[in-house]
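Worksheet for the structure shown next.
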Amino acid sequence: MEKKKLQSISIAALIVSVLPLAALIPSLLHLSLSDGIRTVWAGANIVFVLLGLILSVVCVRNRESRSVINIVSTAISAFWVLLMVGIVALALFLTFVQ
C-alpha cells in the first residue's frame, strides 16, 4: 500500500514539475494576457515549482521508492528553483547597480 501511494505521489510530482511550462502556451499561440492574469499565472508557477520540489524530495528520500520518475522530477524542479533564484538575484543586482 505504501509503495503504491509513493508511486502516485511521484507521478503527481512529475506532472506538477512540468506544469510551469504551460506558461509558454500563450506566447506560442500569440496571445496577449492582461497584467492580472500574468501575475496570477506567475504566482501559480511559483507554487507549482515549490510543490513539485517538495513532492519529489519526499519520494527520493525513500530508498525503496526511488525511481527514474522521481529523479527526473527532482531534476526538473531543481532547475526551476535555480532559475527563479537566478532571476531574483539578477533583479536585485540590477536594482543596486543602477
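Brief remarks on what is shown
- Only DSSP H runs of four or more residues enter the estimate; each adds -39500 (n - 2.57), and after division by the residues of the chain the mean residue ellipticity at 222 nm equals -27500 deg cm²/dmol.
- Cα-based shape type of the range 5-57, given that a ≥ b ≥ c are square roots of the gyration tensor eigenvalues and the cut on a/c is 1.5: prolate
- Compared with the dominant principal axis of the Cα atoms in the chain, helix 2-18 is inclined by about 20°.
- A straight line joining the Cα centroids of the range 1-21 and the range 63-86 runs 11 Å.
- Extended-chain gain in nm, criterion 0.36 nm per residue less alpha-carbon gap, residue 3 and residue 54: 16.6 nm
- Surface accessible to a 1.4 Å probe, per residue, for the residues of the chain, Å²: 73
- Rounded to the nearest 10 degrees, the inclination of helix 35-61 to the longest alpha-carbon principal axis of the chain is 30 degrees.
- Of all accessible heavy-atom area on the chain, the percent that carbon and sulfur account for (1.4 Å): 76
- Cα Rg over Rh - the chain, Kirkwood: 1.09
The values are calculated or read from the model by the stated rules, or taken from the named source; none is laboratory data. Quick caveat: nothing in here was measured; it's all calculated off a predicted structure. Keep in mind that these areas ignore ligands, DNA and RNA; they rest on the heavy atoms of the full protein, side chains included. Shrake-Rupley method; radii C 1.70, N 1.55, O 1.52, S 1.80 Å.
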